[in-house]
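Structure record follows, encoded as structure tokens.
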Amino acid sequence: MEEFAQRYIQAGQTSIANYLLDHFREVGMTTDQLLVFLQLRRYIDRGQRMPEADILADHLGWDKQRVYQVLHELIANKLMTITSVPDAQGQKQDAYDFHLLTEKLSQLAVQTTKKAAKVSATNDRATVFNQIETEFGRPLSPLEMESINQWLDEDHYRPELIQLALKEAVLSQAYSLKYMDRILLNWEKKNLKTAAQVQREKERQHPRSNAANPATPGNDIPDVPIFKLTDN
């Protein structure tokens, strides 16, 4: 057992990013290519930048021709290149280089982030539409839906701000997008773009009343111009 432990430690370890193991298929890498990459990685980590194909074949239990084929596939799929690097004596030697694989993984991470942001924005939009329909107690007309889309896409109002304007409209019993639009325009003129900014503006305007009645409904809503319902 002691002899085994000694050999186990002497063999060393190879560090592989879990992100690669999770997403190797998404960047176009096959299972065979991953196995060859893992074998190459172990030798590269030891300073041997271009191990012989027959050595890899022995580890994998393959014939040498299959190893050559997979190496060619890695190059053809732009997952690996062969470059020249200087050794300790300054002489150039060929080496396997996986910077293209790293670039593909980084691009995949960016695409995943963008996709998640898009899904989140879509969910936020759907939430806004559903909340307005719920509070108004009726389906929105196509014209109303277009107006809400304009708030989000052209005016770039945040969903949280539209929801806050809806809350103010409901408290005023003004179930109208025109009323909400006036509230949003009023906040825009004051350069209030987030719910937190709206809250701070209200606290600035009425510091005493907020301190005296912290639990009063509507305290998180700033003062807005009150319009006659007939104007809607």
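The values are calculated or read from the model by the stated rules, or taken from the named source; none is laboratory data. Because the structure is a prediction, the values reported are computed rather than measured. Positions of Cβ are backbone-derived with ideal geometry, glycine not excepted, and every protein chain shown enters the neighbour counts. The area values use the complete protein model at the heavy-atom level, side chains included, leaving out ligands, DNA and RNA. Shrake-Rupley method; radii C 1.70, N 1.55, O 1.52, S 1.80 Å.
General remarks:
- Qualifying positions in segment 56-79 - out of contact with any helix residue (DSSP H, G or I) (no Cβ under 8 Å at 6 or more places or on another chain) and closer than 19 Å to Ala11 by Cβ: Asp58, Gly61
- In summary, helices (runs of 4 or more DSSP H) completely within segment 131-216 and bearing 2 or more residues that are within 28 Å of the chain's Cα centre (by Cα) and at pLDDT 90 or above occur at 142-153, 159-171.
- Glu26 being free of Cβ contacts under 8 Å to residues at least 60 places away in the same chain and open to solvent by 40 Å² or more (accessible area, probe 1.4 Å): no
- Looking only at segment 63-98, residues that are at pLDDT 90 or above and open to solvent by 60 Å² or more (accessible area, probe 1.4 Å) come to 13 in all.
- Qualifying positions in segment 138-169 - farther than 22 Å from Ala121 by Cα and either buried (at least 18 other Cβ atoms within 10 Å of the Cβ) or in contact (Cβ under 8 Å) with a residue 60 or more places away in the chain (or both): Glu168, Ala169
- Residues that are among the aromatic types (Phe, Trp, Tyr) and over 17 Å from Asp153 (Cβ atoms), drawn from segment 99-138: Phe136
- Some residue of segment 104-111 being assigned to a loop (DSSP other than H, G, I, E, B) and either out of contact with any helix residue (DSSP H, G or I) (no Cβ under 7 Å at 6 or more places or on another chain) or under 30 Å from Ala169 (Cα atoms) (or both): no
- Output for segment 103-137, where each listed residue is touching a residue at least 12 places away in the same chain (Cβ under 8 Å) and of a type in the set (Lys, Arg): Lys104, Arg125
- Tally of residues being part of a loop (DSSP other than H, G, I, E, B) and closer than 15 Å to Phe98 by Cα across segment 1-29: 6
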